[in-house]
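Working notes, beginning with the structure itself.
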């Protein structure tokens, strides 16, 4: 008799974490940065966060992943910090107008926000 394996916990706690992960992998595959470059930048981001007081319990890992992604995208010239900020504000505006449980979709007016 074999025992059933315990159910695995999800790798990502939130959908945005999976999206950030997939975006980083996609940009790496397209040659924007090497994986060693990514790993070094992520380690640097985590170390900086810890120096700012992040307790490093694991619940902020993908926030560091996203910050690293934003920094590398801007450093490589694929976007600018201003453009990233513009899109962040547009997504926040779109989220505010979207009813709970519905998919968030950007619209032109979200950029006027």
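The values are calculated or read from the model by the stated rules, or taken from the named source; none is laboratory data. Given the structure is predicted, the values throughout are model-derived calculations rather than measurements. A quick note on method: Cβ atoms are made from the backbone with ideal geometry, for glycine too, and the neighbour counts reach across all protein chains shown.
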**Report entry** Flag if residue 10 is at pLDDT below 90, over 12 Å from the mean Cα position of the chain (by Cα) and within 25 Å of residue 103 (Cβ to Cβ)
**Finding:** yes
Report summary line: If we keep only residues of segment 94-113 that are more than 18 Å from the chain's Cα centre (by Cα) and assigned to a helix (DSSP H, G or I), then the residue surrounded by the most Cβ atoms within 10 Å (Cβ to Cβ) is 110
Requested in this report: Would you check which residues across segment 74-109 are closer than 29 Å to residue 47 by Cβ and out of contact with any helix residue (DSSP H, G or I) (no Cβ under 7 Å at 6 or more places or on another chain) and list them?
Outcome: 75, 76, 77, 78, 82, 83, 85, 87, 88, 89, 91, 92
Query raised in the report: Being surrounded by 12 or more Cβ atoms within 10 Å (Cβ to Cβ), within 11 Å of the chain's Cα centre (by Cα), within 25 Å of residue 111 (Cβ to Cβ) and without any contact (Cβ under 8 Å) to a residue 24 or more places away in the chain, is that true of even one residue in segment 23-39?
Result: no
